[in-house]
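J.: What follows is a single structure, and I will ask about it in a moment.
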Amino acid sequence: DTGVSQNPRHKITKRGQNVTFRCDPISEHNRLYWYRQTLGQGPEFLTYFQNEAQLEKSRLLSDRFSAERPKGSFSTLEIQRTEQGDSAMYLCASISGTTISYGYTFGSGTRLTVV
Amino acid sequence: AQSVTQLGSHVSVSEGALVLLRCNYSSSVPPYLFWYVQYPNQGLQLLLKYTTGATLVKGINGFEAEFKKSETSFHLTKPSAHMSDAAEYFCAVSDEATDKLIFGTGTRLQVFP
């Protein structure tokens with residue numbers, strides 16, 4: 001068990017480009033969550049999956065954002081036509097069981113800088 | 001809607017002094033409550049959590065927190081600060097329906113020698 005893995009750790013992109021991040025959860029965890037954290041703020045919920053089903057998307061997730069979790073394993077978060085306001089740390093977390101009392105495990109995050 | 005308020009965006013203490021980081025929450029049902037620590041350019045590490053049972057919860061690195069329903073609080077304490085405790089601390093409450101976490105804005109802890 002190597003924990004939750006996120007790649008890349010850092011991404012610098014030009015405004016208007018598309019970027020994709022990957023999250024590999026702990027293998028037996030069936031729920032996977034994406035959060036966004038801007039400087040000086042707490043993480044904000046973006047979306048989550050139970051197995052391969054995307055069950056909720058935040059209003060923060062504009063049409064330029066899309067997330068997938070094919071086969072209920074790893075997940076990808078894509079941002080199209082990036083804007084400077086997308087610069088943030090993108091965090092992935094996974095949990096097992098049907099209740100959060102089992103606890104979240106967070107990845108180290110992907111820091112996106114849009115220039 | 002559930003929310004979390006962390007009083008004090010910055011807290012400074014001397015090494016060896018008591019650490020007290022405040023967290024108040026709003027929730028219509030008994031919540032699950034969490035404290036996470038974040039070191040620079042790192043993800044979040046769980047310090048401790050309250051789900052049910054004993055209201056005084058002990059976590060890693062000598063931290064503990066007490067759930068006080070009447071005060072809707074879950075303050076984090078450590079009797080004696082260490083230089084390595086310098087980090088950002090986040091309090092969070094879980095959403096009953098989705099288990100997603102709602103975080104506070106965080107408290108940056110500085111420890112002076």
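J.: Would you mind computing the Rg to Rh ratio of the protein assembly as shown from its alpha-carbon coordinates, Kirkwood style for Rh?
T.: 0.97
J.: Using Cα pairs closer than 8 Å and at least 6 residues apart in sequence, work out the relative contact order for chain B, in percent.
T.: In percent, rounded to a whole number, it is 37.
J.: In whole angstrom, note down how far apart the Cα centers of region B:36-113 and region A:1-54 are.
T.: 22 Å
J.: What shape does region A:33-112 take by its C-alpha gyration tensor, where a ≥ b ≥ c are the square roots of the eigenvalues and a/c under 1.5 counts as rounded, a/b above b/c as prolate, and the rest as oblate?
T.: Here region A:33-112 falls in the oblate category.
J.: I need to check one value: relative contact order of region A:18-115, counting alpha carbon pairs closer than 8 Å and at least 6 residues apart, in percent.
T.: Here the relative contact order equals 32 percent.
J.: Next question. Which of the GluC sites (Glu not before Pro) found in region A:1-74 are in a DSSP loop and have at most 16 neighbouring Cβ atoms, other than their own, within 10 Å?
T.: Answer by residue number: A:28, A:52.
J.: Now, a different point. Would chain B count as rounded, prolate or oblate if I go by the C-alpha gyration tensor, calling it rounded below 1.5 in a/c and otherwise prolate when a/b exceeds b/c, oblate otherwise?
T.: prolate
J.: Okay, moving on. Enter the mean number of other protein chain beta carbons within 10 Å of the beta carbon of each residue in A:32-45, as an integer.
T.: 4
J.: Using only protein heavy atoms and a 1.4 Å probe, report how much of residue B:83 is accessible, in Å² to the nearest 10.
T.: Ignoring ligands and nucleic acids, residue B:83 comes out at about 80 Å².
J.: Next question. Run down the lysines and flag those whose C-alpha is under 18 Å from the C-alpha of residue B:78, throwing out any fewer than 8 positions away in its chain.
T.: Excluding near neighbours in sequence, the set is B:49, B:58, B:68.
J.: Could you state how much accessible area is buried at the B-A interface, both sides summed, with a 1.4 Å probe, in Å² to the nearest 100?
T.: 1800 Å²
The values are calculated or read from the model by the stated rules, or taken from the named source; none is laboratory data. All of these numbers come straight from a predicted model, not from anything done at the bench. Heads up, the Cβs are rebuilt from the backbone with ideal geometry, glycines too, and the neighbour counts pull from every protein chain shown. The area values use the complete protein model at the heavy-atom level, side chains included, leaving out ligands, DNA and RNA. Shrake-Rupley method; radii C 1.70, N 1.55, O 1.52, S 1.80 Å.
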